[in-house]
Amino acid sequence: MGSWGKTALESDEGLDILDVLIEYPADRQTVHLKDLFYHYRGLGFLSEDPEEEDFLYDQTAIALAEIVCAYIENGKTKYEKLSGLKEIVWDTENLLELRQLVQQVRDNKGGDRELYELWDEDPEWLAHLDHVIRTLSQRL
């Protein structure tokens with residue numbers, strides 16, 4: 001694992017997740033969050049079982065949440081120049097699922113999350129997760 005910041009997107013895995021996002025909506029201006037879930041699950045980045053613990057699954061969930069939060073906060077994606085992606089849409093169920101996935105990491109649900117164990121001593125990382133959860137919650 002290579003990481004140079006507190007966000008999931010500031011890691012080697014985060015760059016892989018971002019590459020998939022940039023390639024996925026080829027020539028699409030809008031992407032649906034539920035379609036991203038299906039796509040990342042199909043590639044093995046997310047589990048079918050949201051309770052399953054895995055470093056990559058946790059990184060993917062947080063990275064997707066960071067991408068959605070940036071869209072919520074800015075009203076546009078940061079990736080339009082790279083892929084043409086302008087809009088991310090979701091329904092309440094998918095936004096709840098994304099928030100739950102991040103909350104599980106934050107709470108160390110299951111007690112044995114590798115990602116949590118790597119970062120739990122860093123108050124900035126914990127504050128970042130809290131911010132992501134609050135931002136997602138504001139749209140529910």
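Residue count for segment 55-73 under the criterion of being touching a Ser or Thr at 6+ places or on another chain (Cβ under 9 Å) and touching a residue at least 60 places away in the same chain (Cβ under 8 Å): the result is 7. Can you say whether E66 is at pLDDT 90 or above, more than 15 Å from the chain's Cα centre (by Cα) and part of a helix (DSSP H, G or I), as far as the supplied structure shows? Against the criterion (at pLDDT 90 or above, more than 15 Å from the chain's Cα centre (by Cα) and part of a helix (DSSP H, G or I)), E66 does not qualify. One residue stands out among those in segment 119-130 that are touching a residue at least 60 places away in the same chain (Cβ under 8 Å) and in a helix (DSSP H, G or I): the one that is surrounded by the most Cβ atoms within 10 Å (Cβ to Cβ), which is L129.
Return the only residue of K81, K76 being without any contact (Cβ under 8 Å) to a residue 12 or more places away in the chain, within 16 Å of L21 (Cβ to Cβ), more than 15 Å from the chain's Cα centre (by Cα) and in a helix (DSSP H, G or I). Spell out the reasoning first.
Details: K76 fails: in a helix (DSSP H, G or I).
Exactly one of K81, K76 is without any contact (Cβ under 8 Å) to a residue 12 or more places away in the chain, within 16 Å of L21 (Cβ to Cβ), more than 15 Å from the chain's Cα centre (by Cα) and in a helix (DSSP H, G or I), namely K81.
Residues of segment 84-106 that are in contact (Cβ under 8 Å) with a residue 60 or more places away in the chain and assigned to a helix (DSSP H, G or I): N94, L95, E97, L98. From the list L46, L140, the lone residue that is surrounded by 14 or more Cβ atoms within 10 Å (Cβ to Cβ) and either out of contact with any Pro (no Cβ under 9 Å at 6 or more places or on another chain) or under 20 Å from H32 (Cα atoms) (or both) is L46. Here L85 fulfils each of the conditions (1) closer than 17 Å to F37 by Cα; (2) surrounded by 16 or more Cβ atoms within 10 Å (Cβ to Cβ); (3) modelled with pLDDT of 95 or more apart from (3). If only residues of segment 1-15 that are within 15 Å of Y79 (Cα to Cα) and touching a residue at least 12 places away in the same chain (Cβ under 8 Å) are counted, the one that is surrounded by the fewest Cβ atoms within 10 Å (Cβ to Cβ) is L9. Are any of the residues in segment 15-24 out of contact with any strand residue (DSSP E or B) (no Cβ under 6 Å at 6 or more places or on another chain), at pLDDT below 90, closer than 17 Å to L136 by Cβ and not in a helix (DSSP H, G or I)? So far as segment 15-24 goes, no, none of its residues is out of contact with any strand residue (DSSP E or B) (no Cβ under 6 Å at 6 or more places or on another chain), at pLDDT below 90, closer than 17 Å to L136 by Cβ and not in a helix (DSSP H, G or I).
The values are calculated or read from the model by the stated rules, or taken from the named source; none is laboratory data. What you see is a predicted model, and the numbers here were worked out from it, not measured in a lab. Using ideal geometry, Cβ is built from the backbone for each residue, glycine included, and neighbour counts are taken over all protein chains shown.
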